[in-house]
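Everything below concerns the one structure shown next.
FYI, it's all coordinate maths here, none of it is from the lab. The shown structure was predicted, so the numbers you read here are calculated from the model rather than taken from an experiment. Positions of Cβ are generated from backbone atoms using ideal geometry, with glycine treated the same way; all protein chains shown enter the neighbour counts.
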Amino acid sequence: MSVFGVYAKYYDLLYRDKDYAGEAAYVHNLIQRDFPGARSVLELGSGTGKHAVMLAERAYEVSGVDRSAEMVALARTRALELENARVAFSQGDIRSVRLGRTFDIVVSLFHVMSYQTTNEDLAAATATAATHLAPGGGFIFDCWYGPAVLMQRPEVRVKRLDDDDISVTRVAEPGLSLSENTVDVGYTMFVRDKKTQAWSTFNETHRMRYLFVPEVTQMLADAGLELVRAEEWVTGREPHAGSWSTVFIARKRK
């Protein structure tokens, strides 16, 4: 799971068109619907902190954890710039981190759970969520949904973006492994510095696990959690063959 090294530097630019505000509002609504009164949130795999900061702006006390030191540094800078005292970030592996406290809600967003590509990784990350949940608390995460991946099949994608300083072209080339329920996404990045006109290139491979409802149900049960429901990310519809991103809502047994 050694990813987001050099990639972290360009992460916010690559996803500047992502509707973080709409997604944070959606997660807030999920929390209020299923866990009314929840005030504290732990985000596993908090990245550059956008979701966490936006949840903190809704009066949650938020702690974010990410394995990437580069991501954590960017998230801390974002929180400082916004002078938001209700959010804090720390570096840690979501499979093993232990913060010594519990939260009302644990979230893991933008397919972080799909980066847990083995059964052992998935079990460890789920155990982390359960360990940090108060009884009756909620675990909310999204992932690549197996039926949609198999029906649509990953394809090569090219994304081009630029800001005042750089232009970036990212080529994503996926390789599907049916035997392991994973997709290896090979990213090639071409970056041009607008001031010097210098080009740089780097490659990273992100392995993603796609999941199915029965295995998620069992994974949650093994950690002392029960599935409340699964729904299509943001729309709230029942998952279907087009629901590439599906969210699972689970509750810790009392």
query = Hey, what angle do you get for helix 69-81 against the long axis of the chain, alpha-carbon based, 0 to 90 degrees rounded to 10?
reply = 80 degrees
task = Indicate the gyration tensor shape class of the stretch 82-222 (rounded, prolate or oblate), computed on the Cα atoms with a ≥ b ≥ c the square roots of the eigenvalues: a/c under 1.5 is rounded; otherwise a/b larger than b/c is prolate and the rest oblate.
result = oblate
message = Less than 12 Å Cβ to Cβ from residue 200, Lys/Arg counted +1 and Asp/Glu -1: what total charge do the surrounding residues give?
response = +1
222 nm mean residue ellipticity, helices alone, for the chain (DSSP H n ≥ 4; -39,500 (n - 2.57); rounded to 500) = -8000 deg cm²/dmol
ask   = Which whole-number percent gives the relative contact order of the stretch 149-208, counting Cα pairs below 8 Å spaced six or more residues apart?
value = 27 percent
task = Place +1 on the Cβ of every Lys and Arg and -1 on the Cβ of every Asp and Glu in the chain, take the dipole about the Cα centre, and give the residue among 167, 225, 200 whose Cα lies farthest towards its positive end.
result = 225
task = Measure nothing but the geometry: give the 0 to 90° angle between the long axis through the Cα atoms of 119-131 and the longest principal axis through the Cα atoms of the chain, rounded to 10°.
result = 60 degrees
inquiry  = Loop-only GluC sites (Glu not before Pro) in the stretch 56-145, please: DSSP not H, G, I, E or B, and at most 16 other Cβ atoms within 10 Å.
reply    = 57, 83
inquiry  = With +1 assigned to the C-beta of every Lys and Arg and -1 to the C-beta of every Asp and Glu, and no other charges, what is the dipole magnitude of the stretch 67-197 about the Cα centre in debye, to the nearest 20?
reply    = 140 debye
remark   = Answer in debye to the nearest 20: the dipole magnitude of the chain about its Cα centre, from +1 Lys/Arg and -1 Asp/Glu charges placed on Cβ, is 320 debye
request  = Under 1.5 on a/c is rounded, so check that first for the stretch 33-113, then, if it is not, pick prolate when a/b is larger than b/c and oblate when it is not; a ≥ b ≥ c are the square roots of the alpha carbon gyration tensor eigenvalues.
outcome  = oblate
key: Simple Cβ-charge dipole of the stretch 149-208, Lys/Arg +1 and Asp/Glu -1, about Cα centre, in debye nearest 20   = 140 debye
ask   = lysines within cross-link reach of residue 194: Cα-Cα under 19 Å, excluding same-chain residues under 8 positions apart?
value = 9, 159
remark   = Relative contact order as a percentage, the chain, C-alpha pairs under 8 Å and 6+ apart, gives 17 percent
note = Of the residues 122, 144, 90, the Cα lying farthest along the dipole of the chain towards its positive end, which is defined by charges on the beta carbon of Lys, Arg, Asp and Glu, belongs to 90
query = Going through the stretch 192-233, which trypsin sites (Lys or Arg not before Pro) have at most 10 other Cβ atoms within 10 Å and a DSSP loop state?
reply = 195
remark   = Candidate cut points under trypsin sites (Lys or Arg not before Pro) in the stretch 53-101, DSSP loop plus at most 15 other Cβ atoms within 10 Å of their own Cβ, are 58, 98, 101
message = I'm spelling it out carefully: the read-out is Kirkwood radius over Cα pairs in Å, the candidates are [x] 18.8; [y] 17.9; [z] 19.6, and one was derived from this structure. Which label?
response = [x]
task = Could you calculate the contour length gain from residue 169 to residue 198, that is, 0.36 nm times the residue separation minus the distance between their Cα atoms, to one decimal place in nm?
result = 9.0 nm
message = Using only the alpha-carbon atoms, how far is helix 213-222 inclined from the longest principal axis of the chain? Give it as 0 to 90 degrees, nearest 10.
response = 60 degrees
note = Cα extents of the stretch 149-208 per principal axis, largest first, Å, are 46, 18, 12
